[in-house]
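Beneath this line is the structure, given in structure tokens, with notes to follow.
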Amino acid sequence: MSGYIELPNTLLSVQGIDTYIGQFHILEGVSVDVPAGAITVLLGRNGAGKTTTLKSILGLTPPRTGKVIFEGVEIQGKRAFNIANMGIGYVPENRAIFKALSVLENLKLAERKKGDLERHESLIYGLFPDLKRLEKLPGDHLSGGQQQMLAVARALVPDNKLLLIDEPSEGLAPILIQEMMEAIRKLKETTTILLVEQNFIMASKLAERFVIIDDGRSVHSGLMSDLVLNEELVQQYLGASIKTRVKEAK
Amino acid sequence: MKQLKRNKIGLYIGIAAALIVLVALYAVTGQEAFIRTTLSGLTLGSLFFLVAAGLTLIFGLMDVLNFAHGAMFMLGAYIGWQFYTNPTFIFGMLPAVLSLSFGLLLIPLIKPYLIALNLSEKLQKNLPKLLYVLAALAALVAFWQFDILGLAKTAMVAATVTNVGNPLAEISAQEPMARFWIRPLMLVISGLLLAVAVSKPGDKSQFAPREKIGKNLILPIVLLVSLIVSILVREQAPQIVLLMNGNLRFALSIVAAVLFGILFGAIIEITMIRPLYIRPFFIVLMTLGLSFVIRELVQLLWDPLAYQMSRPPLFATVGKAATSVGEWLRTGSSTINISGVIFPTYRLFVILLGVVMFIFVTVLMTRTRMGMIIRAGVQDPQMVEALGINVKQVFTLVFALGVALAALGGIGAAPFLPINPLMGDTYQMQGFITVVIGGMGSYVGAFVGALILGMARAFGDYYALKLSLSPAIAEASTVIIMIIVLLIKPRGLFGKKE
Ligand SMILES: Nc1ncnc2c1ncn2[C@@H]1O[C@H](COP(=O)(O)OP(=O)(O)OP(=O)(O)O)[C@@H](O)[C@H]1O
Ligand SMILES: [Mg+2]
């Protein structure tokens, strides 16, 4: 269990949060530091609490104790829309795009200021050219991959300083995973990213830093390049099936 | 793509079925009776739509079943009727409503300073409680010996007296200013105390940027000006209203009912429904209880009687039926001849009202950002919030809009239905059935469902009378239709599958 050490240039700092959903104590001390300009990945088994950590940062499941500090401001306890408006974009797991809205409306809805979409149009359609063609189609007529593209694109519409991206590769065909990786790598040039990714290869190729969450606690953090070499740790927290993949990743 | 086609095919089948039923009814009923019954059905359908549109939007977005919707329909009728017949009561109460709202609306202006205060934990906890008590006391002083019941009864006096001479001054008498001024003042103080209490002074975990103060200045200023005006004109205004053109007065009655609906809906949502979103079942009980409270208050104010509102002049001239729309507009004839069928002109107006509101809701839902937020929120309010949108505020607006539509239905029905404390109950029941048939959360479904139900009731009534069956047949027919629709499409005609 690594103690909490403040890194220089920290954009977001989650400090020992506890989160309850109903009576269930889901997070029991999660600390995550997200340095600016890099990709930090949350790793952990299914049900470890990765999604809940993202939701706690955003105030969707507000933490009961602990602190969340964004750009030096304590944001725990604030309403979710206020937190988002400070410049945090969210790409939820299982592609929660709006099915009754067209692709264009999905993007328009994400505007915080008039003209947000116009200003970022070239970036968005540059990353996901398909979306331009699908503009008029309602959300529930998109394929799974297209929905995932739209979910990421939606987070790019306003000016965000931090993106919370939850399992962007989930259920995508290998070729689309490649495309998604390219997109995220490009985004890193302008924003900071906190990523949840089960695909270890993808995580190891993208992220600079990692935090392992296990059973509602953050148990390890450090440089991704070190983790790739530490088979024991990977084995212990991420399961044997990933062990072979580590070798591939190296 | 495949799904798109399937939806289209379903739509064509539905339209074809509707046409077949209409042609069959036409053949069986005969032209004259068919046209008359269809127009009656459309009139009913229009009112059902006004009730169901609010119900379906509120349920779709917030999962709230509003069992007080019928009571709000009824309140709309009472407010409109009061305004039309004698607005003394409304203008007498207006300063109270405005002064309390003015005090409350100062929240965004004072909150940034209040939460910056350094208060001990104990004070933070107990100060709001003390303020609530003081606010209640101030309100008590404000209404001390204020003759609300007397004001409410003025409309009844007017109904009997205005034909004989013009004793308007007498029936719109208000308390003299020398005694009155303390009331709005105490209510502003009461509202302000409440505002301070709900701002939780000293609680630094809250978020209230000072930069926004300027933006929030407009509404309180508008309210303050209207408050002062409302205090100054409370005596003359009722007379001015009563002496103006009857059609204009009716238009203003509609505006009054709608404004009341918006205000009342917003207050109910913020104070009673918002704290219960985490306990949906309690909301059902709360709205049910609220409907009883509203009904009892109305009985207290206006006695458990039924009133008949006179029709505005445009629909009031009795005699020969107008032969064209132009002639009707010129003579204000109460009936119009539509291919040999004599039909009340006012009911045509109600049909028009329903169609206009359907267009309004359609434009709102498909062309505006607000509509986009509502459609998205129906599916996933959390994700809408995560985009940086204040979903709670949207909930309030949608609830207010829904109640305003119900109130509009109420005043629309007032000139041809007896106004009484129970008048909303049937419409609430039919509204719920409409929503189930049309599909929860779909305003298009509410429109189609309302048309189907309106027609079913009209033709049910017609055949019950003709075949001397029990009129309950018409009521039963709507439930039978609901069952058939649910067997074919369990989520209703336009319901989305999960
Ligand atoms: N609404 C809820 N009610 C009760 N328990 C919940 C709820 N949501 C999540 N949990 C529990 O909280 C734990 C953490 O869930 P979370 O979704 O954060 O895990 P995760 O790490 O994102 O998993 P996955 O990799 O499967 O997405 C799980 O055990 C889950 O069962
Ligand atoms: Mg998850």
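Descriptive notes on the structure:
- When the charge dipole of segment A:97-157 is built from unit charges on Cβ atoms (+1 for Lys and Arg, -1 for Asp and Glu) and taken about the Cα centre, the candidate among A:Gly145, A:Leu104, A:Leu117 whose Cα reaches farthest toward its positive end is A:Leu117.
- For segment A:146-167, a reduction of at least 10 Å² in accessible area between the chain on its own and the assembled protein chains (probe 1.4 Å) is found at A:Arg154.
- A simple charge model with +1 on the Cβ of Lys and Arg, -1 on the Cβ of Asp and Glu and nothing else charged puts the dipole of segment A:97-157 at about 120 debye relative to its Cα centre.
- At R0 = 25 Å, FRET efficiency that the Cβ-Cβ distance of B:Val23 and B:Phe416 yields, to 0.05: 0.30
- In this structure, the pairs whose alpha-carbon distance is over 28 Å, taken from A:Lys67/B:Lys200; A:Lys114/B:Lys392; A:Lys78/A:Lys186, are A:Lys78/A:Lys186.
- Centroid-to-centroid separation of segment A:51-68 and segment A:80-132 [C-alpha atoms, Å]: 22 Å
- Cβ crowding within 10 Å averaged over residues, with B:282-288, B:395-401 ranked highest first: B:395-401, B:282-288
- Calculated on the alpha-carbon coordinates, the convex hull of segment A:97-157 measures out at 67 cubic angstrom per residue.
- Chain B: angle of helix B:2-29 to the longest principal axis, Cα-based, in degrees nearest 10: 60 degrees
- Full-stretch length increase - B:Ile473, B:Lys8 - with 0.36 nm per residue and alpha-carbon distance subtracted: 164.1 nm
- The apolar share of the surface of segment A:97-157, taken as the fraction of accessible area on carbon and sulfur atoms (1.4 Å probe, ligands and nucleic acids excluded), comes to 53 percent.
- Averaged over the residues of peptide B:375-385, the number of Cβ atoms from other protein chains lying within 10 Å of each residue's Cβ is 6.
- Among B:378-391, A:37-50, B:446-459, A:110-123, sorting by the average number of other beta carbon atoms lying within 10 angstrom of each residue, highest first, gives B:446-459, B:378-391, A:37-50, A:110-123.
- Interface residues of segment A:52-69, defined as those with an accessible-area decrease of at least 40 Å² between the chain by itself and the complete set of protein chains (probe 1.4 Å), are A:Leu60.
- Dipole-positive endmost among B:Phe292, B:Gln145, B:Ile9 within the protein assembly as shown (Cβ charges, Cα centre): B:Ile9
- The charge dipole of the protein assembly as shown, taken about the Cα centre with unit charges on the Cβ atoms of Lys, Arg (+1) and Asp, Glu (-1), comes to about 820 debye, rounded to the nearest 20.
- 1.4 Å probe accessible area per residue over segment A:97-157, in Å²: 40 Å²
- Between the beta carbons of B:Ile240 and A:Ile175, assuming R0 = 60 Å, the FRET efficiency works out to 0.20 to the nearest 0.05.
- 0 to 90° range, to nearest 10: angle between helix B:107-116 axis and chain B longest Cα axis: 40 degrees
- Rounded percent of accessible protein surface that carbon and sulfur make up, chain B, 1.4 Å probe: 73 percent
- Highest average packing first - B:183-190, B:486-493, Cβ atoms within 10 Å: B:183-190, B:486-493
- Net lengthening on full extension, B:Leu301/B:Val284 (0.36 nm per residue, minus Cα-Cα): 3.5 nm
- Straight-line reach from B:Lys204: taking Cα to Cα under 16 Å and skipping same-chain neighbours fewer than 8 places apart, the aspartates and glutamates in range are A:Glu74, B:Glu121.
- Ellipticity estimate at 222 nm from DSSP helix runs (n ≥ 4, -39,500 (n - 2.57)) divided over chain A, nearest 500: -11000 deg cm²/dmol
- Straight-line cross-link partners of B:Lys489 among the lysines, defined as a Cα under 25 Å from its Cα and at least 8 positions apart when in the same chain: A:Lys99, B:Lys2, B:Lys5, B:Lys8, B:Lys497.
- Proximal lysines to A:Lys188, defined as alpha-carbon separation beneath 17 angstrom and excluding residues fewer than eight positions away on the same chain: A:Lys161, A:Lys205
- Ellipsoid equivalent to the protein assembly as shown - semi-axes via the Cα gyration tensor, in Å: 55, 36, 20
- Annotation for segment B:85-150 versus segment B:271-325: alpha-carbon center distance of 26 Å.
- The residues of segment B:198-227 listed by number as losing at least 10 Å² of accessible area in the complex, against the isolated chain and with a 1.4 Å probe, are B:Ser205, B:Phe207.
- Subtracting the Cα-Cα distance of B:Ile359 and B:Gln393 from 0.36 nm times their residue separation leaves 9.8 nm of extension gain.
- Model label points for A:Glu71 and B:Leu149, set 7 angstrom from Cα along the Cα-to-Cβ axis, are 6.0 nm apart.
- Per residue convex hull volume, Cα atoms of segment B:256-315, in Å³: 121 Å³
- Cβ-Cβ distance of B:Ile213 and B:Thr331, R₀ of 41 Å, FRET efficiency by 1/(1 + (r/R0)^6): the value works out to about 0.15.
- With Cα atoms, 0 to 90° folded angle of helix B:423-438 axis to chain B main axis: 70 degrees
- Looking at segment B:331-394, the accessible area is 39 square angstrom per residue; that uses a 1.4 Å probe and ignores ligands, DNA and RNA.
- In the A-B interface, the accessible area buried, summed over both sides, Å² (probe 1.4 Å): 2400 Å²
- For chain A, the equivalent ellipsoid built from the Cα gyration tensor has semi-axes of 28, 22, 16 Å, listed from largest to smallest.
- Long-range HN-HN contacts of A:Ser218 with modeled amide H, under 5 Å: A:Val30, A:Ser31
- Two-site label geometry, B:Leu232 and B:Asp203: point separation in nm, points 7 Å out along Cα→Cβ: 4.0 nm
The values are calculated or read from the model by the stated rules, or taken from the named source; none is laboratory data. Just so we're clear, the structure is a prediction, and the values are computed from it rather than from any experiment. All Cβ positions, even for glycine, are placed from backbone atoms using ideal geometry, and neighbour counts span all protein chains on display. With ligands, DNA and RNA removed, areas are computed over all heavy atoms of the protein, side chains included. Shrake-Rupley method; radii C 1.70, N 1.55, O 1.52, S 1.80 Å.
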